[in-house]
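K.L.:
Have a look at this one before I ask anything.
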Amino acid sequence: MRTTLLSRLTPEAHHKYAQERENYGPAIEAIYESLKNNTSWQDLTLTEVHRVLLYSSHFDTRYDYIKLMYGDENIIKPENDLI
């Protein structure tokens, strides 16, 4: 059974979200709720994916379509080679 996305959140991403929580508390809480309730990147809505990438500071417009579709190993640790 797969673990939740929240349990696979990288320390770097967790730290960045903690910093952003001061200014964007409701958005960060929404991120944590989304990650807690899903086990696969593909289960997230487009809005949730955008929010996860935006507040993690790992959003690069040159490669945004790849991260939008498949996730980002800098944010979520892969499990069985899948995010």
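K.L.:
Is there a residue in segment 54-62 that is out of contact with any Pro (no Cβ under 7 Å at 6 or more places or on another chain), within 19 Å of A18 (Cβ to Cβ), at pLDDT 90 or above and assigned to a helix (DSSP H, G or I)?
P.N.:
For segment 54-62, residues out of contact with any Pro (no Cβ under 7 Å at 6 or more places or on another chain), within 19 Å of A18 (Cβ to Cβ), at pLDDT 90 or above and assigned to a helix (DSSP H, G or I): present.
K.L.:
What about Q42, is it in a helix (DSSP H, G or I), closer than 21 Å to M1 by Cβ, open to solvent by 50 Å² or more (accessible area, probe 1.4 Å) and out of contact with any Gly (no Cβ under 6 Å at 6 or more places or on another chain)? First the steps, then the outcome.
P.N.:
Details: in a helix (DSSP H, G or I): yes; closer than 21 Å to M1 by Cβ: yes; open to solvent by 50 Å² or more (accessible area, probe 1.4 Å): yes; out of contact with any Gly (no Cβ under 6 Å at 6 or more places or on another chain): yes.
Spelling it out, Q42 is indeed in a helix (DSSP H, G or I), closer than 21 Å to M1 by Cβ, open to solvent by 50 Å² or more (accessible area, probe 1.4 Å) and out of contact with any Gly (no Cβ under 6 Å at 6 or more places or on another chain).
K.L.:
As an exercise: evaluate T4 against (1) surrounded by 17 or more Cβ atoms within 10 Å (Cβ to Cβ); (2) modelled with pLDDT of 95 or more and give the number of the one condition it does not meet.
P.N.:
Of (1) surrounded by 17 or more Cβ atoms within 10 Å (Cβ to Cβ); (2) modelled with pLDDT of 95 or more, only one is false for T4: (1).
K.L.:
While we're on this one: List pairs: first in segment 72-83 and more than 14 Å from V52 (Cα to Cα), second open to solvent by 100 Å² or more (accessible area, probe 1.4 Å) and outside any loop (DSSP other than H, G, I, E, B), Cβ under 9 Å, 6+ apart or cross-chain?
P.N.:
Sorted first by the residue in segment 72-83, then by its partner, the pairs are L82/Q42; L82/Y70.
The values are calculated or read from the model by the stated rules, or taken from the named source; none is laboratory data. These numbers come from a predicted model, not from an experiment. Cβ: placed from backbone, ideal geometry, glycine included. Neighbour counts: every protein chain shown. Ligands, DNA and RNA are excluded from the accessible area calculation, which covers all protein heavy atoms including side chains. Shrake-Rupley method; radii C 1.70, N 1.55, O 1.52, S 1.80 Å.
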